[in-house]
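As structure tokens, the structure follows; a few thoughts come after it.
The values are calculated or read from the model by the stated rules, or taken from the named source; none is laboratory data. Here the structure is a predicted model, which means the values were calculated and not measured. We place every Cβ from the backbone using ideal geometry, glycine too, and count neighbours over all the protein chains shown.
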Amino acid sequence: MKQHDMTKWLKKMFLFLLPFLVLLTLYVVLDPFKVVRKYSGYDDSAEVRLVLNRDYVSTCTFENNYPSHNYDSFIFGNSCSIFYEVADWKCYLDSNSRCFHFDASGESLYGAYKKIKYLDAKGVKMNNVLFVVDYSLLEQVKPSQAHLRAISPQLEGNKNALSFQLSFLKAFFTPKFVLGFFDYKIFGKLRRYMLSLLDARPTRYEADTNEISYPHYEQLIAQDEYYTSERMSVFYERDSVQSFFPLVIKASQKKMLREINDIVRKNNADLKVIISPRYDQKKLDKQDLMFVQSLFGQERVFDFSGINDLTNDYTNYYEAMHYRPHVARVILKEVYFRTTASK
């Protein structure tokens, strides 16, 4: 190839790659998902914020805070577990207990297992453990590849560091993300198509405990202004006959649950396993429940799934997925009352 032709080809390649290079530079500089650099905090209460990987936020917040907080009490689970508020939980614990929400969005059994293994490997003492589970958590025994649910590299001994970073880079380069992110950055207006990228729900975030809450929604409910016709549309009719999930605890789940149990018992931790009261009112399979009870001890497992007073009332839920903090308070009261009564 002649020198002139080579120069033309290089210019064309540069022009072709220029948009990619510009976006890559913006990605590194802006670090929209907060995964390129380390941060002293991951405040989740901005008015409009990009949805972050909650697993990574929880893990990094733990790493940032542990040297000064020395946590010894942990809440594990998916996003339903955030409504077990530390202030409520501490009413049943030693007054010196130091509590931390170690949750993840759409948490998997694999993710919770890795978090508990990670704490054990670091020699973190676990005095109290609240393990909030449901069918969807127990079903997942492999790490997710989706960027918002990818497991933190710290929990995998950094074996997945490259694939973790690439999942976010890939998400950033999708046309929908580029359009939505920069549209909001430039014009500051939240449009409907952006709602899968940006979160505008009013929240309160407590960095010390990694706790998210929604006091604004609680205020709207108190004023009878929350359950609008639009919000009511998600509360579908349930069958009046009790239904069950299919068997979910198989070989992989049993292995992970047994290892979790071994670590909990090694720490002599006060463990409570709570099976969430899902709006769908399906109960955990009877064999699954029997396995969990026989493994952890019947006195440590509390099943609130299925048709009951908590699940019958739609006002116990923000939507057809997440139950409200007052429900978690009712559960905690019953859990610790049962525990006290059984002694």
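Looking at the structure I just gave you, is Lys159 loosely packed, with under 13 Cβ neighbours inside 10 Å, more than 21 Å from the chain's Cα centre (by Cα) and closer than 22 Å to Asp55 by Cβ? Even if it seems obvious, please write down each step before you answer.
On the way: loosely packed, with under 13 Cβ neighbours inside 10 Å: yes; more than 21 Å from the chain's Cα centre (by Cα): yes; closer than 22 Å to Asp55 by Cβ: yes.
The answer is yes for Lys159.
Can you pull out every residue in segment 276-301 that is surrounded by 19 or more Cβ atoms within 10 Å (Cβ to Cβ) and either in contact with a strand residue (DSSP E or B) (Cβ under 7 Å, 6 or more places away or on another chain) or part of a strand (DSSP E or B) (or both)?
Ser276, Pro277, Tyr279, Lys282, Lys283, Leu284, Val292, Phe296, Arg300, Val301
Suppose we filter Ala161, Ala200 for residues that are free of Cβ contacts under 8 Å to residues at least 12 places away in the same chain and over 27 Å from Tyr336 (Cβ atoms); which single one remains?
Details: Ala200 fails: free of Cβ contacts under 8 Å to residues at least 12 places away in the same chain.
Of Ala161, Ala200, the one residue that is free of Cβ contacts under 8 Å to residues at least 12 places away in the same chain and over 27 Å from Tyr336 (Cβ atoms) is Ala161.
Are there any pairs, at least 6 apart or on different chains, whose C-beta atoms fall under 6 Å, with the first in segment 224-241 and under 11 Å from Glu319 (Cβ atoms) and in contact (Cβ under 8 Å) with a residue 40 or more places away in the chain and the second surrounded by 10 or more Cβ atoms within 10 Å (Cβ to Cβ) and of a type in the set (Asp, Glu), and if so, which?
Val234/Glu319
State all residues of segment 258-290 that are hydrophobic (A, V, I, L, M, F, W, C) and closer than 17 Å to Ser81 by Cβ; if no residue qualifies, say none. Explain how you work it out, then say what you get.
Quick first cut of segment 258-290, residues hydrophobic (A, V, I, L, M, F, W, C) only: 260, 263-264, 269, 271, 273-275, 284, 289-290.
Passing the criteria: Ile260, Val264, Ala269, Leu271, Val273, Ile274, Ile275, Leu284.
Pull out all pairs, ordered by first then second residue, where Cβ-Cβ is under 6 Å, the residues are six or more apart or on different chains, the first lies in segment 297-317 and is closer than 20 Å to Asp224 by Cβ, and the second is of a type in the set (Ser, Thr, Tyr).
Final answer for the pair search is Asn316/Tyr323; Tyr317/Tyr279; Tyr317/Tyr323.
For segment 35-49, enumerate the residues that are crowded, with 17+ Cβ neighbours inside 10 Å and either touching a Phe, Trp or Tyr at 6+ places or on another chain (Cβ under 7 Å) or of a type in the set (S, T, N, Q) (or both).
Going residue by residue through segment 35-49, those that are crowded, with 17+ Cβ neighbours inside 10 Å are 35, 42, 44.
Residues satisfying the conditions are Val35, Asp44.
Residue-wise test of (1) within 21 Å of the chain's Cα centre (by Cα); (2) modelled with pLDDT of 95 or more.
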{"residue": "Ala269", "(1), (2)": "no, yes"}
{"residue": "Asp288", "(1), (2)": "no, yes"}
{"residue": "Ile307", "(1), (2)": "no, yes"}
{"residue": "Leu310", "(1), (2)": "no, yes"}
{"residue": "Tyr318", "(1), (2)": "yes, yes"}
{"residue": "His326", "(1), (2)": "yes, yes"}
{"residue": "Val335", "(1), (2)": "no, yes"}
{"residue": "Ser342", "(1), (2)": "no, no"}
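Cβ-Cβ distance below 6 Å, separation of 6 or more or different chains: which pairs start in segment 115-131 with a residue that is within 17 Å of Val86 (Cβ to Cβ) and touching a residue at least 12 places away in the same chain (Cβ under 8 Å) and end on one that is of a type outside the set (A, V, I, L, M, F, W, C) and outside any loop (DSSP other than H, G, I, E, B)?
What qualifies is Asn127/Ser73; Asn128/Ser73; Asn128/Asp270; Leu130/Lys272.
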